[in-house]
1. What is the distance in Å between the Cα centroid of the stretch 128-158 and that of the stretch 281-297?
2. Note down the net charge around T37, summing +1 for each Lys or Arg and -1 for each Asp or Glu among other residues with Cβ under 14 Å from its Cβ.
3. Scan the stretch 13-65 for GluC sites (Glu not before Pro) in coil per DSSP, keeping those whose Cβ has at most 14 other Cβ atoms within 10 Å, and list them by number.
4. If we sort 121-130, 154-163, 170-179 on the protection proxy, mean other Cβ atoms within 10 Å, highest first, what's the order?
5. Quick check for you: which residues of the stretch 71-111 have the amide N under 18 Å from the point 7 Å beyond the Cα of Y130 toward its beta carbon?
6. Using the Kirkwood formula over every pair of different C-alpha atoms, what hydrodynamic radius in Å results for the stretch 156-230?
7. So if we plug the beta-carbon distance of H229 and D16 into 1/(1 + (r/R0)^6) with R0 = 41 Å, what FRET efficiency do we get, rounded to 0.05?
8. At each listed q (0.12, 0.15 Å⁻¹), what is the log10 of I(q)/I(0) that the Debye formula gives for the stretch 3-361 modelled as equal alpha-carbon point scatterers?
Amino acid sequence: MNEEQFFKDFNAHRWDFTIVDEEDEEQPVLQVGLVATFYLVDAYLPVRRKHIAEAFELYCEHFGEKLVWGYTGGEKMIERNFSPQAMQDCISYIQSDGLVESAALMWSSNKSFQNVGTYMFDAYSPAGWYEKVHSSITTVRLYLPTDELKGAGKKKFDNLIIKMCTILRPLHGAAGLGIQHSYEWENYQHIEYELVQEYRGVDLCIPSGNKKWRTGYSNLNWYTYLAHHWVSKLGKTEDLLEQLNDVRIGILPYEWGTIFRAGDWPALGKANVDPRPELYVMVNEVLKPLRVSNIGSLHYGSIAGEVRLNERTSNQWLRRFDLPKDTPKQQPSPLYRRISATEQQQLNASRKMFDDLLNQVPDDKSKM
């Protein structure tokens, strides 16, 4: 897939990807775009709260001009228009006493609790005492429109994910196509249910984590990142390269973990066309031993007879890229097989031999 094909496919389904307010059709309440999530533990520690502040600064460095409004505070939310001063105040707020106080914040390109912005940064980090008692987990999320991938944007997104992972040191997380929702996301869970059934490549990234997610990853997407002590359970880097023997799959180690990129472009995973995108399946087959065994319920259940995710269907969704039982192991395509170091040396030797041969052949002018 190339840039033209990705945007052709995405734009063909853009109507399905945008749900607007019943009272104002210019305002979306839910949409599909780029979403990155990072799940952290022990984020109440001063150094970890500082990391969240640095991640927020990095997002503002690239996209701060898009932000217009947001809030800080959990039980007592303080709304503000976004400005350089608001950004600095937020950074100070994040780095308050994490052992005693939680940190909750959101900054968006849409000035509304009811409507969603295409650009957004939010975080929720429980207080240290609460995390110790309830084994809670910190969630950091960011939204971007898919148009940010155009041209040189895909490389910039790649660098952004690497930098965010390096700063935040997540236990796990994922980035790619996902559902972007407003603060009042519970009102549209039935629509989310329909979207994730119809488009398997669209991630469901809820604003809070689950203590079960300390035991295994909960999201697999275009980018999936895992801490080193988890990845080490899969073997050495050479083992991973052998299992993911496809040059289209990126394996990007960074200081605190490894990022796995399932292809050059995200997949929609349309249920009736491509329900199990090839590269997502390959990454899933290798990483699934590290997956959480029970993700819990990603929705709150029906409130008026409509269908929402429960614990059973949430776990079915988690396993959407699993191959049916007794499916033969998929062999790497010869077209995309990685070249080993030994093969590369042999190729270089052959190339040098051929170049030396050409240099020994006199050109036509020398014969005259």
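1. If you average the Cα positions of each part, the centres end up 19 Å apart.
2. -1
3. Listed in order of number, the matching sites are E22, E23, E25, E26.
4. Answer by packing, highest mean first, reads 170-179, 121-130, 154-163.
5. The answer is 71-79, 93-107, whose backbone nitrogens lie closer than 18 Å to the label point.
6. Mean inverse Cα-Cα distance, inverted, gives 13.8 Å.
7. Computed FRET efficiency for H229 and D16 comes out at 0.55.
8. One equal scatterer on each Cα of the stretch 3-361 leads to -0.90, -1.40.
Taken together, the values in this text are just the output of simple stated rules run on the coordinates, not laboratory data. All of these numbers come straight from a predicted model, not from anything done at the bench. Ideal geometry is used to build each Cβ from the backbone, glycine not excepted, and the neighbour counts take in all protein chains shown.
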